[in-house]
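Notes follow the structure.
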Amino acid sequence: MQDVVAHLHERVSPYLRERVGAVARDLGGSAGITIQQQGAVVRAASSDERAARCGQVEARLGAGPSIAAMEQLHPVVVPRVAEGDGWAAWRACATEVGFASAAAVPAPVARGISVALTLCSAAPDAWDPLALAEARRHVRLLAAEIAARLARPGEPPRGALEACLRLDRAIGVLMHCNGCTAQDAQTALLRASTADHVDLDQAASTVLRALTEDDSSFRPRALVAPGR
């Protein structure tokens, strides 16, 4: 597992990092992408370390503007972070890193799966209707990209060893993205598999297809055949 986690910074799919970087450049401030599958939440990508810290807090605790936006499938605007109620841990983190306002704009991806684009700024009241409209455009493109990746054929079942490797890789991805423990990551996968009425291997495959460029690259080095 440690070998897998050590390489995740380069392995998490570039399209997520490119998209969140484009949003930050286009709209200003910081941006983050969060994906939710039947209550299992993952902080998929962030434009900078400040946004990553806030996204990890939100994903670990299951409370914050992006989760609220995905549950409602409606934008959530936080005009002044320090003055609102609710999401105490997220607000404390956002205030600590210097954010004064935020907005989260969601889009559906597939049955039981949604994505949110979270925007944060050091200025209060930063996200006006024009900025939110542009954020909607970005998040709809992102949702279409994720849906296309999930529509790819998954890995065929090849036995218990391959299933264990997929689960190990998916846990590593969630640990990296959410900054959580292996136990927390496995609990999130179990929650998603139960809600979707699929087995744990299928839930792990969904995570890998949505978040990684090439899930075969997550095979632990010790198990790669010599010469590969």
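The values are calculated or read from the model by the stated rules, or taken from the named source; none is laboratory data. Quick caveat, the model's predicted, so the values are computed rather than measured. FYI the Cβ positions are ideal-geometry reconstructions off the backbone, even for glycines, and counts take in every protein chain you see.
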**OP:** Working only within region 68-91, note down all residues that are surrounded by 14 or more Cβ atoms within 10 Å (Cβ to Cβ) and more than 21 Å from ALA135 (Cβ to Cβ).
**Re:** ALA89
**OP:** Spot the failing condition for ALA195; the list is (1) surrounded by fewer than 16 Cβ atoms within 10 Å (Cβ to Cβ); (2) within 16 Å of GLN36 (Cβ to Cβ); (3) modelled with pLDDT of 75 or more, and only one is missed.
**Re:** (3)
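So which of LEU119, LEU130 is in the same structural domain as ALA144 (by TED's automatic domain parsing), surrounded by 14 or more Cβ atoms within 10 Å (Cβ to Cβ) and of a type outside the set (Phe, Trp, Tyr)?
LEU119
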Original post:
Out of all the residues in region 20-41, which are crowded, with 24+ Cβ neighbours inside 10 Å and either at pLDDT below 80 or farther than 21 Å from PHE99 by Cα (or both)?
Top reply: ILE35, GLN37, ALA40, VAL41
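Filter region 58-82 down to the residues that are more than 22 Å from GLY112 (Cα to Cα) and of a type outside the set (D, E, K, R), then identify the one that is modelled with the lowest pLDDT.
Filtering first and then ranking leaves ALA82.
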**OP:** Could you grab me the full set of residues in region 15-62 that are small (Gly, Ala, Ser) and farther than 21 Å from LEU132 by Cα?
**Re:** GLY39, ALA40, ALA59, GLY62
Original post:
With ALA133, ALA82, ALA126, ALA100 as the choices, which residue is touching a Ser or Thr at 6+ places or on another chain (Cβ under 8 Å), more than 22 Å from ASN178 (Cβ to Cβ) and without any contact (Cβ under 8 Å) to a residue 24 or more places away in the chain?
Top reply: ALA82
